[in-house]
Every structure is written in structure tokens, then in C-alpha cells.
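Trainee: Once you've had a glance at the structure underneath, I'll fire off some questions.
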Amino acid sequence: MFTKKVQDAINQQINAELFSSYLYLSMGAHFETVNLPGFANWMKLQSQEEYEHGMKFFHYINGRSGKVVLEAIAKPPADFKTPLDVMKKVLEHEKKVTALIEGLYELALKEKDYPTQVMLQWFIKEQVEEEKSASDIIELLKSIGDSPAGLAMLDSKLGARSRG
Ligand code: FEO
């Protein structure tokens, strides 16, 4: 059964995903201004993925004959420091999202909502990927240190990311 509690929690998750999209778009804008187009590309694609996550939840609520209720999206930060700082913020944010998804799963267990549990399994796996891709970039940035050539190479690598 699709309870109001589960529906409300998924509506909140739509908001969290759309905020993630907005946050990464803001980070993308930052990277445009500091002339790192590859990092900007990575962030803009990440922003699109987050929008799609929000839409997965949107379609799921509709598929259960529920009601989507959209709330205001909070303003993301606009000022950022080094690429390493930004990527650390991405990882920190993804860990928060993982905790939200796990909280939703616990609620679905409690409410005996089996279809929601199945739907959330995709997100549980996705979060492992999301945390790993941020961690991988953090490790690369740490190994690059202060090398401008290293940063340019990584920027070019991130610029090659396309819709997968
Ligand atoms: Fe939609 Fe990055 O979690």
C-alpha cells in the first residue's frame, strides 16, 4: 500500500534531487568563470542526472496514483574555492543524499511498501556510483597537487564526459 507518509517522503526527495541539480549547476557556473570547462561540463551533466533522479520519483508517485507536490528549491551557494574544495563538497552532499535514500528505504520497510523498496534499490546502487565518482576525482586532484599541467589534463578528461 502507498501510504501518505511514503508519498510525502518521496515528495521531499524530489525536492532534494532538484536541489542537487541546482547545486551542481551552480558549481558548473563557477567552473565556467574560473576557466575550467571540463569541470563545468562534468557538473552540468551531473546537474542533468539529478534532475532525472527527481523525475524518476515524480513518475513513480504518479504511477502509484499519488499526488506530486513541488516545494520551493533552496538557493545554492554561488561562491566556491579550489576544485578540490568543490569536489569535497560534492562528496559530502552525496553522502547526505545517500542517508536520505536509506531513510526512505527504512520508511518503506516500516510501511510494508514493497514496490517502493524495489524502486529504491536502483537509487541505493546509484548512490554507490555517485559517491565513487566524486571520490575518484578527489583522489586525482590530491595526486595533482599544485601542478597546473595536471589540472589541465584532468579538466580535459572531465570535458570528455558525455551522457552515459
Ligand atoms: Fe541523485 Fe547524486 O543523487
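Just so you know, all these numbers are worked out from the coordinates, no wet-lab data involved. Small disclaimer: the values here were computed from a predicted structure and weren't measured. Cβ atoms come from the backbone with ideal geometry, glycine included; neighbour counts cover every protein chain shown.
Trainee: Tell me the trypsin sites (Lys or Arg not before Pro) within the range 41-127 that lie in a loop according to DSSP and have at most 12 other beta-carbon atoms within 10 Å. Spell out each step's value before the answer.
Mentor: Numbers: sites: 44, 56, 64, 67, 81, 88, 89, 95, 96, 110, 112, 125; in loops: 64, 67, 81, 112.
In loop regions of the range 41-127 (DSSP not H, G, I, E or B), the sparsely surrounded trypsin sites (Lys or Arg not before Pro) are 67, 81, 112.
Trainee: Follow-up. Kindly point out which whole DSSP H helices in the chain project their C-alpha atoms 30 angstrom or further along the helix axis while averaging a Kyte-Doolittle hydropathy of 0.0 or above. Walk me through the intermediate numbers first.
Mentor: Details: long enough: 4-33 (44 Å, -0.25); 37-63 (38 Å, -0.87); 83-110 (40 Å, 0.04); 114-144 (46 Å, -0.19).
Flagged H segments are 83-110.
Trainee: Then there is this: Based on Cβ point charges of +1 for Lys and Arg and -1 for Asp and Glu, what charge dipole magnitude is obtained for the range 72-116 about its Cα centre, in debye rounded to the nearest 20? Please report the intermediate quantities before stating the final value.
Mentor: Working: 8 positive and 8 negative charges, 31 e Å.
Computed charge dipole of the range 72-116: roughly 140 debye.
Trainee: Please state the charge dipole magnitude for the chain, taken about the Cα centre, from unit charges on C-beta atoms (+1 on K and R, -1 on D and E), reported in debye and rounded to the nearest 20.
Mentor: Numbers: 20 positive and 23 negative charges, 71 e Å.
Dipole size: approximately 340 debye.
Trainee: Can you show me the helix-derived [θ] at 222 nm for the chain, built from DSSP H runs with n ≥ 4 at -39,500 (n - 2.57) apiece and divided by the number of residues, rounded to the nearest 500.
Mentor: Working: 5 runs with 128 residues, N = 164.
When only DSSP H runs of four or more count, the value is -27500 deg cm²/dmol.
Trainee: Over the Cα atoms, compute the radius of gyration (one decimal) and Dmax (the largest Cα-Cα distance, rounded to a whole number) for the chain, in Å.
Mentor: Using the Cα atoms of the chain, the pair Rg, Dmax is 17.3, 56 Å.
Trainee: If Lys and Arg each add +1 and Asp and Glu each add -1, what is the summed charge of the other residues whose beta carbon sits under 12 Å from the beta carbon of residue 158? List each step's numbers first, then the result.
Mentor: On the way: positive: 44, 157, 161; negative: 136, 155.
So the environment of residue 158 carries a net charge of +1.
Trainee: For the charge dipole of the range 4-159, defined by +1 on Lys and Arg C-beta atoms and -1 on Asp and Glu C-beta atoms about the Cα centroid, which residue among 30, 159, 100 has the Cα displaced farthest towards the positive pole?
Mentor: The one lying farthest along the dipole's positive direction is 100.
Trainee: If you take the beta carbon distance between residue 84 and residue 1 as r and set R0 to 35 Å, what does 1/(1 + (r/R0)^6) give as a FRET efficiency, to the nearest 0.05? Don't jump to the answer; show the numbers that get you there.
Mentor: Numbers: r = 47 Å, r/R0 = 1.33.
With a Förster radius of 35 Å, E is 0.15.
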